[in-house]
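Down below is the structure, laid out as structure tokens.
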Amino acid sequence: MNVPSWLRLTVQVNLWASLAYGGMLLLAPDLFCTLIDAEPVNTAWLRTIGAALLGTNVLGSWLWLASPELNMGRVQFATAGLEALAMSVSLLLGEFTAANLWMVQASVVLAWVVTAGLWAGAQAGTYVAADA
């Protein structure tokens, strides 16, 4: 399957960024709180988010990279968009309590950039057979 190289790159960014965030949130949520200078209150939610990032974003990106396919592209786009939207709403409502808020803001920007990049993966016209 021929897909644009920039789309592959975007999916790789999604995979590696989600692996980093997800791994840290799942395995070391207190370290994450230390990095962003936030109180480590109810880190169970962070572990759950980390597991979701690993399961959906990392595994989904890996599967898509192994065999690019429209439905998985749609899942990746929708997941990234919902994550970006949720983080943006929380940021606008002042729900983040981190002292290093710039790290949260940078994460929100990255989430929107990845979402925009994944848009093409959710479009049927992106997928062209190699022999076409």
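So residue 40 passes all but one of these: (1) touching a helix residue (DSSP H, G or I) at 6+ places or on another chain (Cβ under 8 Å); (2) farther than 14 Å from residue 118 by Cα; (3) assigned to a helix (DSSP H, G or I). Which condition number does it fail?
Only one criterion in (1) touching a helix residue (DSSP H, G or I) at 6+ places or on another chain (Cβ under 8 Å); (2) farther than 14 Å from residue 118 by Cα; (3) assigned to a helix (DSSP H, G or I) is unmet by residue 40, namely (3).
Which one of these does residue 43 not meet: (1) touching a residue at least 60 places away in the same chain (Cβ under 8 Å); (2) over 19 Å from the mean Cα position of the chain (by Cα); (3) within 19 Å of residue 83 (Cα to Cα)?
(1)
Mind listing just one residue for me: the one in segment 1-24 that is of a type in the set (S, T, N, Q) and surrounded by fewer than 18 Cβ atoms within 10 Å (Cβ to Cβ) and, of those, nearest to the chain's Cα centre (by Cα)?
Only one residue tops the list, namely 12.
For segment 63-106, enumerate the residues that are surrounded by 13 or more Cβ atoms within 10 Å (Cβ to Cβ), β-branched (Val, Ile, Thr) and assigned to a helix (DSSP H, G or I).
Result: 75, 79, 104.
What's the number of the condition residue 76 fails, among (1) within 17 Å of residue 116 (Cα to Cα); (2) in contact with a Pro (Cβ under 8 Å, 6 or more places away or on another chain); (3) not aromatic (Phe, Trp, Tyr)?
That leaves (2) as the condition not met.
Which residue pairs have Cβ atoms closer than 7 Å, lie 6 or more positions apart in sequence or on different chains, and pair a first residue in segment 63-92 that is in contact (Cβ under 8 Å) with a residue 60 or more places away in the chain with a second residue that is assigned to a helix (DSSP H, G or I) and aliphatic (A, V, I, L, M)?
Hits for this filter: 76/11; 76/118; 80/111; 80/114; 80/118.
Only the coordinates and a few stated rules stand behind these numbers; no lab work does. Note that the structure is a prediction, hence the values are computed from the model and not measured. Glycine gets a Cβ as well: all are built from the backbone with ideal geometry, and neighbour counts include every protein chain shown.
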